[in-house]
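Okay, structure first, notes after.
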Amino acid sequence: MPMPPRPLPDTTPLARLEEGELYGIVGYQIAQAAVSTVATFVHAAGRDFDLRPVEFTILVIVKNNPDVTPSRLAKAIAVKAPNITTWINRLEKRGLVQRQMGITDKRNQHLRTTSAGNAIIKETVDRVRKGEREDWPDLSVGERGILVELLHKIARKRRVV
């Protein structure tokens, strides 16, 4: 059976429709790549651990920033306070994070991952990295590093909306 023709660099991945002016728009290409990255995450780890990408993000940030407050966490990942509360509640109910009241101000809460949360983080990170290598074999280690660096540069310039 003959292989389907490889898509041209300026066509959509599956339907091979011309992207035209969209090809050179970074935001469009990031959005298209996001479809692939979410699918990789869900396939590699999301289903097995019943984690959404945002919940995984919360877990990893809390692990690396013990005692972070929910409001600072919400600001870091650009979500509204009610949404962060919902996700923290879900992760806490599953025993993956815990809240601690502030020592000087009982109204403040501080977050930490639990040992169960840390175990899921380790397994999930390993699986996602493996999934990314398998799903995007055309990216060399160097290209991958450059891509991460460039995307991080863009993300750090995020405007507050």
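Numbers at a glance
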quantity	calculated
Condition check for Glu123: in contact with a helix residue (DSSP H, G or I) (Cβ under 6 Å, 6 or more places away or on another chain) and of a type in the set (D, E, K, R)	no
Residues (open to solvent by less than 100 Å² (accessible area, probe 1.4 Å) and either more than 20 Å from Ala78 (Cβ to Cβ) or at pLDDT 90 or above (or both)) located in the stretch 147-161	Leu147, Val148, Leu150, Leu151, Ile154
Any hit, the stretch 129-138, residues being under 30 Å from Gln29 (Cβ atoms), basic (Lys, Arg) and at pLDDT below 90	no
Selection from the stretch 128-145 of residues that are open to solvent by less than 100 Å² (accessible area, probe 1.4 Å) and either farther than 24 Å from Pro66 by Cβ or free of Cβ contacts under 8 Å to residues at least 40 places away in the same chain (or both)	Gly131, Glu132, Asp135, Trp136, Pro137, Leu139, Ser140, Gly142, Glu143, Arg144, Gly145
Count - residues of the stretch 61-79 that are surrounded by fewer than 16 Cβ atoms within 10 Å (Cβ to Cβ) and either under 13 Å from the mean Cα position of the chain (by Cα) or among the charged types (D, E, K, R) (or both)	6
Residues of the stretch 127-150 classified as within 16 Å of Ala45 (Cα to Cα) and not acidic (Asp, Glu), total	6
Near pairs, Cβ below 6 angstrom, 6+ apart or cross-chain, from the stretch 63-75 (in contact (Cβ under 8 Å) with a residue 60 or more places away in the chain) to any residue that is surrounded by 13 or more Cβ atoms within 10 Å (Cβ to Cβ) and among the charged types (D, E, K, R)	none
Search result, residues across the stretch 38-52 that are open to solvent by 40 Å² or more (accessible area, probe 1.4 Å), more than 21 Å from Arg112 (Cβ to Cβ) and under 9 Å from the mean Cα position of the chain (by Cα)	Val38
Considering residues of the stretch 80-115 that are open to solvent by less than 50 Å² (accessible area, probe 1.4 Å) and part of a helix (DSSP H, G or I) only, the residue nearest to Val42 (Cα to Cα)	Leu91
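The values are calculated or read from the model by the stated rules, or taken from the named source; none is laboratory data. All values reported here derive from a predicted model rather than from experimental measurement. Heads up, the Cβs are rebuilt from the backbone with ideal geometry, glycines too, and the neighbour counts pull from every protein chain shown. The accessibility values were calculated without ligands, DNA or RNA, using every heavy atom of the protein model including side chains. Shrake-Rupley method; radii C 1.70, N 1.55, O 1.52, S 1.80 Å.
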